[in-house]
């Protein structure tokens, strides 16, 4: 049974609170969307009005659990979502001073992501919308990441978007709320996953500065004091003229390098190397270089085909890896060189959260796109493309990049 605060309870809490949301006056004039996110390892929920004001949100992170287990184990993530989703949604509603009857719609991530995780959010949302007879808006996780920036800035379509996270990387032209041209995407390992695996192989959870950090955060921190030139790495896919991404080769390169250094230092796997800062710096720089080269080619392809606004062309960078400041600076260098403005949501909105899902729901509600009645059956899709696939056209264009020397300090 899904239990939510009654109207009397909500009113009582509002009267008791010194920081009440002015919702009672606004509810009659502004539509409200509840967003629910469970695509991977974070359980998130948020309530937004149609202006993008965040009325209340809640997030339960599984990071510490997965750090202890050495990575995300899908059944473990599923169980943690199951244990926390009701509390997280109820907290978001209570902090918003909103009850389900006041919602205009419920928006939930249904694709792509881990099947077991997606299923928890979808099943919960099905029960919720049917219990309260509310419209349901299924959300594409990457679409939500792409559109988050529009909640914060008046970014007009079309714009170029680079989405980089632990599970995905892609380049696309956003031409509308549900209108994307896919220019390139991950062929194997996503950048966030590659950084996490390198951190795990380096045993960075044993580092006194990194014990509670995700792998990507640990790499970024240690790279600040490292020399990337001590361990030169080959940039992935250096001879291919497209916009797709591959990080499996990089991960293998770094693993071999670590094994070599362990042998030289006479230590076993699981022991911290003396050169972890330098390896972190080299890995981070190579990831940043690969992302910037693919993005550079995408910009040139867009210019050649008039796919962006001529007056204010914009590059939007989002997703968990976009919170890495070194990677942001590298991409910003390329964007500025080509005359594009670059925008990134704040770090807290780059990682998975309920706010971005609710905002995507607001955008779709405004346009009247993809809004379903509560009794319609919806299936989750662990693998789901975004938009119209233009990767072959990009490859056929064979765009060669000019030589660009990027000098970015850690």
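Computed from the coordinates by the stated procedures, all read-outs in this text should not be read as laboratory data. Owing to the predicted nature of the structure, the values given are computational and were not obtained by experimental measurement. Here the Cβ positions follow ideal geometry from the backbone for every residue, glycine too, while neighbour counts run over all protein chains shown.
The DSSP beta bridges internal to the chain are antiparallel in roughly 60% of cases. Does the range 148-219 classify as rounded, prolate or oblate by the C-alpha gyration tensor (a ≥ b ≥ c root eigenvalues; a/c under 1.5 gives rounded; else a/b over b/c gives prolate, otherwise oblate)? It comes out oblate by the Cα gyration axes.
Listed options for Cα extents along the principal axes in Å are (i) 77, 49, 40; (ii) 58, 53, 43; (iii) 68, 51, 39. The value calculated from this structure is the one marked (iii).
From the Cα gyration tensor of the range 98-234, with a ≥ b ≥ c the square roots of its eigenvalues, which class applies: rounded if a/c is under 1.5, or else prolate if a/b is larger than b/c, or else oblate?
prolate
Taking every DSSP beta bridge that has both ends in the range 111-241, the antiparallel portion is near 90%. Judged by the mean number of other Cβ atoms found within 10 Å, the most tightly packed of the peptides 267-273, 81-87, 135-141, 353-359 leads the ranking 353-359, 135-141, 81-87, 267-273.
In this calculation the C-beta distance from residue 234 to residue 329 is compared with R0 = 30 Å, giving a FRET efficiency of 0.85. For the pair residue 338 and residue 405, label points projected 7 Å from Cα toward Cβ lie 2.2 nm apart. The stretch between residue 267 and residue 396, if pulled fully straight at 0.36 nm per residue, gains 41.6 nm over its current Cα-Cα span. Pairs of Cα atoms in the range 268-410 fall into 10 Å distance bins, from 0 up to the last occupied one, in shares of 8, 27, 33, 21, 9, 2 percent. Sorting 116, 162 by the number of Cβ atoms found within 10 Å of their own Cβ, with the fewest placed first, yields 116, 162.
Subtracting the Cα-Cα distance of residue 153 and residue 384 from their residue separation scaled by 0.36 nm leaves 80.4 nm. Per-residue extension of 0.36 nm, minus the Cα-Cα distance of residue 73 and residue 306, leaves a gain of 79.5 nm for this segment. Please state the shape class of the range 171-319: rounded when a/c is under 1.5, otherwise prolate if a/b exceeds b/c and oblate if not, all from the C-alpha gyration tensor. In terms of gyration-tensor shape, prolate. Computing FRET efficiency as 1/(1 + (r/R0)^6) for residue 224 and residue 375, where r is the C-beta to C-beta distance and R0 is 56 Å, gives about 0.55. Of the peptides 244-253, 277-286, the order by per-residue mean of other Cβ atoms within 10 Å, starting with the highest, comes out as 277-286, 244-253. Here the spin labels are modelled as points 7 Å beyond Cα on the Cα-Cβ line, and at residue 65 and residue 260 they lie 4.0 nm apart. Using the average count of surrounding beta-carbon atoms within 10 Å as a protection proxy, the listed peptides 210-222, 40-52, 298-310 rank, highest first, as 40-52, 210-222, 298-310. Projecting label points 7 angstrom from Cα along Cα→Cβ for residue 200 and residue 132 puts them 3.7 nm apart. Take every pair of alpha-carbon atoms less than 8 Å apart whose residues are at least six positions apart; their mean separation over the length of the chain yields a relative contact order of 23 percent. The ranking of 406, 369 by Cβ neighbour count inside 10 Å, starting from the fewest, reads 369, 406.
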